[in-house]
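A short worksheet on the structure shown next.
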Amino acid sequence: MRPLLSLRSVSFSYNGSSPILEEIDFELNEGERIGLIGPNGCGKTTFLQLCVGLLRPIKGKVFFKGRPVSSEEDLWELRKNIGFVFQNPDDQLFSPTVLEDVAFGPLNLGMKKDEAIKRAKETLKLVGLEGFEDRLTHKLSGGEKRLVSIATVLSMRPKAMLLDEPSTGLDPETRKRLIDLLNRLDMALLIVSHDWDFVVRTTDRYFTIEDHKIVEIKREVLHQHLHYHPAGDIPHEHLYEDLNKSNKTS
């Protein structure tokens, strides 16, 4: 089976500076759930932007379903199927109302207006925001904006979704709602976060960036690692039973 998304020998630097990422090899298969953790500045967001073509590698290739992403047509096909949720929802939301924001993607795919509105309403119900259609986007809370930004991606029915620090700034209730939502979705996920507890509850393979390369972290040694936590960069342990729970629980 061909990977849905793959990077082969990808390297990247900004304006000829020292490489942020070097010789990256990575695959995301259909239905797979991957978490990527690491400190600020290690290249996590850069990696996601390379995956969806917002940045272009200085070396190597990005592939979608085994086909190199080279032309504008290839890039359109990639972005239609691999949705990207920005770290800051305000970077994703630009329409006056919630319904307009969520319907924009389906309209851009060529759906008729009434079909796009129906799709948008279905998606808002999925993320728990039924009845928010006429709300002004700029007046929403931070957590509501986060859910709407995810809805703008889900309304396009992608095969995978990439999320950049999705739990940042969320109150406990909205954080739990987001975990529940992600665990109900039948699609591949790639989640970048410093919030380890969030990652372990939503994904089942774990990676980090070390020395400019993607490195897999084995589940059985997670408790031995100093990792990143909402309370700060402090060492801590998860209960053994928590580490062995299914990623479908929260």
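The values are calculated or read from the model by the stated rules, or taken from the named source; none is laboratory data. Just so it is clear, the structure is predicted and the values come from calculations on it, not from any experiment. In this analysis, Cβ positions are derived from the backbone assuming ideal geometry, glycine residues included, and neighbour counts consider all displayed protein chains.
Looking across the range 8-43, the residues that are among the β-branched types (Val, Ile, Thr) and farther than 13 Å from residue 216 by Cα come down to 10, 20. Of all residues in the range 82-108, those satisfying the criterion of being within 19 Å of residue 45 (Cα to Cα) and not hydrophobic (A, V, I, L, M, F, W, C) are 83, 87, 88, 89, 90, 91, 92.
Tell me, which residue of the range 187-219 that is under 23 Å from residue 145 (Cα atoms) and over 14 Å from the mean Cα position of the chain (by Cα) is modelled with the lowest pLDDT? Among them, the one singled out is 196.
No other residue among 144, 122, 100 is surrounded by fewer than 16 Cβ atoms within 10 Å (Cβ to Cβ) and assigned to a helix (DSSP H, G or I) apart from 122. Selection of the range 66-85 for residues being under 30 Å from residue 136 (Cβ atoms) and surrounded by fewer than 20 Cβ atoms within 10 Å (Cβ to Cβ) yields 79, 80. For the range 190-208, what are the residues that are touching a Pro at 6+ places or on another chain (Cβ under 9 Å), over 21 Å from residue 4 (Cα atoms) and touching a residue at least 60 places away in the same chain (Cβ under 8 Å)? Passing the criteria: 193, 194, 196. Out of 74, 91, one residue alone is without any contact (Cβ under 8 Å) to a residue 60 or more places away in the chain and either in contact with a strand residue (DSSP E or B) (Cβ under 7 Å, 6 or more places away or on another chain) or within 26 Å of residue 22 (Cβ to Cβ) (or both). It is 74. Suppose the filter is buried (at least 20 other Cβ atoms within 10 Å of the Cβ), within 22 Å of residue 183 (Cβ to Cβ) and either out of contact with any helix residue (DSSP H, G or I) (no Cβ under 9 Å at 6 or more places or on another chain) or modelled with pLDDT of 95 or more (or both); does residue 116 pass it? Answer is no for this residue. For the range 2-47, enumerate the residues that are among the polar types (S, T, N, Q), outside any loop (DSSP other than H, G, I, E, B) and more than 18 Å from residue 87 (Cβ to Cβ). Across the range 2-47, the qualifying residues are 6, 9, 11. All conditions in (1) surrounded by 14 or more Cβ atoms within 10 Å (Cβ to Cβ); (2) farther than 23 Å from residue 218 by Cα hold for residue 5, with the sole exception of (2).
Touching an Asp or Glu at 6+ places or on another chain (Cβ under 6 Å) and in contact (Cβ under 8 Å) with a residue 24 or more places away in the chain: which single residue out of 36, 54, 28, 48 fits that description?
48
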